[in-house]
Amino acid sequence: MYPRFAKERVEEALSDTRVVLISGPRQSGKTTLAMDVAGDKTPFLTLDDANVLRSAVDDPVGFVRGLDRAVIDEVQRAPDLLLAIKNLVDDDKTPGRFLLTGSANLMTLPKVADSLAGRMEVIRLLPLSQAETIGVKSNFIDRAFAGKKPAVDHIVVGDGLVETVLSGGYPEALGRRRWSRKQDWYHEYLDALVQRDVRDVAQIEQLSVMPKLLTVLAEHSGQLVNYSGIGGAIGLNHVTTQKYVGVFESLYLVHTLQPWFTNRLKRLTKSPKLHFLDAGLLAAMREVSPDSVKKDRTAFGPILETFVFSELRKIASWSEQRCTFAHYRDKEKNEVDLVLENRRGQIVGIEVKSSATVSAADFSGLRKLADACGDKFVQGMVLYDHDKVVPFGERSFAAPLSSLWSAL
């Protein structure tokens, strides 16, 4: 079993919070982590079992009545359970009573967002990070906000980096040796998700269009979102397209990364960027493999940016920092791929580059961001395919992509 570094945060939350939800995509390891944390003595109830689901849907109050502590798996399948749990934990405020898992962002579901406010802590669990696959707890984000020079060990470059990125983080896919078998798993995963979980999250009038929409979104990953352009390719208007993209977002397949802004700068792009949340999934949808990258590397850049975004989201789940993520782009098209901001308003900027060389020009967007932030700007990095950390002026470094899974 791979180590999950979010485990410590789950255990801490259970010690002082009545309800804890481990939320993330299917097959990311939520159930395994929940069972590991809860142990053998805590009742385990999964709503993927048809009989258990029927009981939870028909009589949610009776379902939880009498439960002192419990793990409830895939709770998004019976959202009315949350109101019953709310009433139960209001009567008995003992921490750690319910450990839930959910394959949908429950905060986006109707009637759910307010039901457990102040009573539940949500901990995201995405597929495996590269740090977890090699058993090393990365402190990349903590080092960056401390203003420390990036560290690097467990170096992966060149063809090895390409394979690492395109493999993604789903344990089932990582366990398959042949590349075609990995990609087969991803396609089967998507088919099952669209056929089953989409129905749990929303009433979709045109379910048959969802696979087509997902294919179009894969081609737009890493780009600014234009709902009219995306939907127009498959006959959807921008309102319906935005709604359906929201469904995929609630299932942790894609994420719309909001633009960073400040009142000091008036000429900033206000459009979000679209990202998939797993590089392996995106690679499978775009039919990109290590062999195809050797012939044409241009397809690798957007997938690498998705990989870095996903890795940082995973590292943030166990970091001491509490970060928000954004992107930066101004009207002159100066841009920074990822902007991390902590609760003190400090900023770390990260640009992603798939090549092995970096020049001063690659820091132009980071310099604009630093000027906009002033003293709040802690550090800017260009992550690239190399094994050396190179300073590029004050508070700026070219850093190997391998620094994302360094524990130094």
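The values are calculated or read from the model by the stated rules, or taken from the named source; none is laboratory data. Predicted, not measured: the structure shown is a model, and the values here were computed from it. Every residue, glycine among them, receives a Cβ derived from its backbone with ideal geometry; neighbour counts consider all protein chains shown.
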Handout entry: Those residues of the stretch 237-293 which are assigned to a helix (DSSP H, G or I), closer than 20 Å to A104 by Cβ and touching a His at 6+ places or on another chain (Cβ under 7 Å), in sequence order
Key = E249
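Among the residues of the stretch 184-196, count how many are out of contact with any Lys or Arg (no Cβ under 7 Å at 6 or more places or on another chain) and either under 22 Å from L125 (Cα atoms) or of a type in the set (A, V, I, L, M) (or both). Break it down into steps so the answer makes sense when it comes.
Filtering the stretch 184-196 down to residues out of contact with any Lys or Arg (no Cβ under 7 Å at 6 or more places or on another chain) leaves 184, 186-192, 194-196.
Now narrow it down to the ones that are either under 22 Å from L125 (Cα atoms) or of a type in the set (A, V, I, L, M) (or both): 186-192, 194, 196.
Residues flagged as out of contact with any Lys or Arg (no Cβ under 7 Å at 6 or more places or on another chain) and either under 22 Å from L125 (Cα atoms) or of a type in the set (A, V, I, L, M) (or both) within the stretch 184-196 amount to 9.
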Practice task
From the list L106, L116, pick out the single residue that is more than 22 Å from the chain's Cα centre (by Cα), outside the structural domain of A283 (by TED's automatic domain parsing), at negative phi and crowded, with 20+ Cβ neighbours inside 10 Å.
Solution key: L116
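Quick check on my filter: what residues within the stretch 191-210 are over 19 Å from F276 (Cβ atoms), assigned to a helix (DSSP H, G or I) and among the charged types (D, E, K, R)?
Start the filter on the stretch 191-210 by keeping residues that are over 19 Å from F276 (Cβ atoms), which leaves 195-196, 199-200, 202-208.
The next check asks that each one be assigned to a helix (DSSP H, G or I); those that pass are 195-196, 199-200, 207-208.
Matches in the stretch 191-210: R196, R199, D200.
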Problem - Residue that is nearest to the chain's Cα centre (by Cα), among those in the stretch 218-228 that are in a helix (DSSP H, G or I) and farther than 15 Å from E305 by Cα - result: Y227
Practice task
Test each condition in (1) buried (at least 20 other Cβ atoms within 10 Å of the Cβ); (2) of a type outside the set (S, T, Y); (3) in contact with a Gly (Cβ under 7 Å, 6 or more places away or on another chain) for K376 and report the one that comes out false.
Solution key: (1)
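Given the criterion touching a residue at least 60 places away in the same chain (Cβ under 8 Å), closer than 25 Å to E12 by Cα and among the acidic types (D, E), identify the matching residue among D142, D159, D153, D200. Show your work before the answer.
Details: D159 fails: closer than 25 Å to E12 by Cα; D153 fails: closer than 25 Å to E12 by Cα; D200 fails: closer than 25 Å to E12 by Cα.
When all the criteria are applied, what remains is D142.
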Practice task
Read through the list (1) of a type in the set (D, E); (2) at pLDDT 95 or above; (3) within 22 Å of F325 (Cβ to Cβ), then give the number of the only condition that E249 fails.
Solution key: (2)
Fill in the blank from the handout: Those residues of the stretch 24-33 that are surrounded by 23 or more Cβ atoms within 10 Å (Cβ to Cβ) and not in a loop (DSSP other than H, G, I, E, B) come to a total of 1
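Every residue in the stretch 142-153 that is surrounded by 17 or more Cβ atoms within 10 Å (Cβ to Cβ), within 11 Å of A407 (Cα to Cα) and not small (G, A, S), please. Walk me through how you get there before you give the answer.
Quick first cut of the stretch 142-153, residues surrounded by 17 or more Cβ atoms within 10 Å (Cβ to Cβ) only: 143-145, 150-152.
Subsequent filtering for residues that are within 11 Å of A407 (Cα to Cα) retains 143, 150-152.
Across the stretch 142-153, the qualifying residues are R143, P150, V152.
Report whether or not R344 is on the phi > 0 side of the Ramachandran plot and among the basic types (K, R).
Details: on the phi > 0 side of the Ramachandran plot: no; among the basic types (K, R): yes.
So R344 does not fit the description; no.
Tell me the helices (runs of 4 or more DSSP H) entirely within the stretch 95-190 that contain at least 2 residues that are touching a Gly at 6+ places or on another chain (Cβ under 8 Å) and over 30 Å from P79 (Cα atoms).
On the way: elements: 130-134, 140-145, 158-167, 171-174.
Result: 130-134, 158-167.
Taking the criterion of being among the hydrophobic types (A, V, I, L, M, F, W, C), under 22 Å from S129 (Cβ atoms), within 26 Å of the chain's Cα centre (by Cα) and not in a helix (DSSP H, G or I), would at least one residue in the stretch 44-58 satisfy it? Outline the logic, then answer.
From the stretch 44-58, those among the hydrophobic types (A, V, I, L, M, F, W, C) are 44-45, 47, 50, 52-53, 56-57; that's our starting set.
When the remaining residues are screened for being under 22 Å from S129 (Cβ atoms), the result is none.
Within the stretch 44-58 (the criterion being among the hydrophobic types (A, V, I, L, M, F, W, C), under 22 Å from S129 (Cβ atoms), within 26 Å of the chain's Cα centre (by Cα) and not in a helix (DSSP H, G or I)), the answer is no, since none of the residues qualifies.
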Problem - Unmet requirement for D159, which otherwise passes all of (1) under 30 Å from K294 (Cα atoms); (2) surrounded by 14 or more Cβ atoms within 10 Å (Cβ to Cβ) - result: (2)
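Could you please find all residues in the stretch 377-394 being modelled with pLDDT of 95 or more and charged (D, E, K, R)? Can you show your working first?
Step one: list which residues in the stretch 377-394 are modelled with pLDDT of 95 or more, which gives 377-392.
D385, D387, K388 - these are the residues of the stretch 377-394 that are modelled with pLDDT of 95 or more and charged (D, E, K, R).
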